[in-house]
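The values are calculated or read from the model by the stated rules, or taken from the named source; none is laboratory data. Predicted model, so just to flag it, every value in this text is computed and none were measured. Heads up, the Cβs are rebuilt from the backbone with ideal geometry, glycines too, and the neighbour counts pull from every protein chain shown. Each accessible area value is taken on the protein alone, full model and side chains, heavy atoms only, with ligands, DNA and RNA left out. Shrake-Rupley method; radii C 1.70, N 1.55, O 1.52, S 1.80 Å.
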Amino acid sequence: MKTKFIVLIIMLIGAVSSAQTERERVIHTLNDYIEGSSYNKLELLESAFTENATLYLTVKGGEFKSLTPKEYVSFFKGGEPDSYNGRIGKILSVEVSGEIATAKVEILFTKSDWRYIDLFLLKKTDAGWKIISKTAAGQAGSNKRGDHILLIVSNAQYYGNTDLKTGNSFSEIVKAYATFSEAGYTVDFVSPNGGAIPVAYVDTSDDTSKKQLYNEDFMYAMKYTLSPSQVDPSKYKAVQYIGGGSAMFGVPENTAIQQIAMEVYEEHNGIISSVCHGSAGIVNLKKKDGSFLVAGKKVSGYPDAFEAKDRPHYDTFPFKITQTLESRGAIFTHGDRNTAYVETDGRLVTGQNWLSSRPVALKIIELLTISSNQ
């Protein structure tokens with residue numbers, strides 16, 4: 001019986017691994033489509049489709065037509081080959097069902113207020129995954145221009161090596177996500193391992209939380225967070241470390257995430273931010289000269305004085321936030337318990353608790369707006 005159980009586990013793992021591989025192959029095809037259409041790479045663009053694929057699109061003049069891949073590719077012939085044309089593509093979702101798949105891709109333009117949603121039907125063929133059908137809908141008046149914000153989250157489901165469950169603060173995530181999205185920013189997630197993350201403090205009576213909980217694109221992004229190797233730091237205007245109990249584990253010591261944050265900050269003039277226990281993520285950040293990022297800077301986070309020291313989870317913390325930040329040379333400040341409090345020191349923006357999530361995001365947007373107008 002034990003042997004059969006082990007075999008069953010192996011079969012299940014194999015099935016999951018296979019599904020992940022097929023999804024990755026679909027994404028590869030979609031990325032060929034995105035790169036081909038964004039850089040006028042005609043052969044690459046056409047290779048993403050089957051020869052008999054049908055595209056149902058509204059063309060110039062408002063006429064609704066069915067097009068072949070060659071007819072669609074001809075739209076890009078006027079552009080300079082291998083030259084960026086201002087299109088920005090982002091895969092919003094992929095669903096694989098056996099040998100077919102559906103996908104949704106957002107298309108933005110750097111010099112236009114148009115936003116398109118492309119819907120695809122793909123089929124696994126002898127030549128690999130190919131697009132067999134596409135349609136699209138456009139909407140003018142979008143405030144999105146392709147500027148990105150990176151939210152840093154944790155994969156930790158438990159407090160340390162215990163069986164005490166924890167998660168990323170859902171309320172902090174949704175407040176930050178909604179605030180940045182409303183301002184026109186594209187929000188991505190990164191975690192140490194990539195993939196799905198645990199969440200805590202889900203309040204469906206809160207309008208913002210409820211809205212995002214039923215937002216398919218948002219929940220897809222939470223299910224498929226990026227791994228550090230998938231992140232291009234040059235894309236991001238700011239990073240934000242999300243709080244919750246999970247933030248104390250896996251993230252603070254992750255050197256790959258540290259490198260991403262510091263590259264955004266030092267090489268791309270970006271902003272580093274954190275909220276509540278997310279400030280654990282900034283304690284180990286070092287500048288190129290070897291000094292701690294927080295040295296001599298005013299920072300906030302969840303104060304040691306507010307911790308529930310009599311609770312079992314507190315003993316699992318690998319370090320104390322206030323104490324560690326101060327040992328790195330930070331000037332730690334905070335407000336009253338259960339009130340929003342934000343500390344800004346140059347391009348470092350930190351918040352005391354979950355109530356500070358939206359104010360922190362708004363301060364980041366303010367700083368980015370000032371920077372872009374200079």
Å² of accessible area per residue within segment 226-374, as computed with a 1.4 Å probe and no ligands counted: 43
Cut-off 10 angstrom, C-alpha nodes, Gaussian network model of the chain. Which of ASN161, ASN215, ASN31 fluctuates the most? ASN161
GNM result for the chain, Cα springs below 10 Å: residue of ASP126, ASP304, ASP147 fluctuating most strongly: ASP126
Which order do TYR33, TYR56, TYR214 take when ranked by solvent-accessible area (1.4 Å probe, heavy atoms of all protein chains), largest first? TYR214, TYR56, TYR33
What percentage of the solvent-accessible surface of the chain, computed with a 1.4 Å probe over protein heavy atoms, is contributed by carbon and sulfur atoms? 51
Where segment 26-71 is the region considered: accessible area per residue in Å², 1.4 Å probe: 56
Under 16 Å Cα to Cα from LYS297, which lysines show up? Leave out anything in the same chain fewer than 8 places away. LYS286, LYS287
Surrounding charge for ARG23, neighbours by C-beta under 12 angstrom, Lys/Arg +1, Asp/Glu -1, total 0
Excluding same-chain residues fewer than 8 positions from LYS60, which aspartates and glutamates have a Cα within less than 16 Å of its Cα? GLU71
Mind checking which of GLY329, GLY281, GLY351 has the largest fluctuation in a GNM of the chain, springs on alpha carbons under 10 Å? GLY329
Can you say what percent of the DSSP beta bridges in the chain, counting only those with both residues inside, are antiparallel? Round to 5. 60
Compare VAL26, VAL199 by solvent-accessible area with a 1.4 Å probe and give them largest first, with all protein chains kept in place. VAL199, VAL26
For Cα extents along the principal axes in Å, one of [x] 53, 48, 38; [y] 70, 66, 44; [z] 97, 51, 44 was computed from the structure I shared and the rest are decoys. Which label? [y]
Which shape class applies to segment 126-179: rounded if a/c is under 1.5, otherwise prolate when a/b exceeds b/c and oblate if not, where a ≥ b ≥ c are the square roots of the Cα gyration tensor eigenvalues? oblate
Run the count for segment 153-259, please: Lys pairs, Cα-Cα under 26 angstrom, 8 or more apart or on different chains. 14
For the Cα atoms of the chain, what angle does the longest principal axis make with the long axis of helix 357-373, in degrees from 0 to 90, nearest 10? 60
What is the sum of charges, Lys and Arg at +1 and Asp and Glu at -1, for the other residues whose Cβ falls under 11 Å from the Cβ of ASN85? +1
Tell me the net charge near PRO252. Cut-off is 13 Å between Cβ atoms, PRO252 excluded, with +1 for each Lys or Arg and -1 for each Asp or Glu. +2
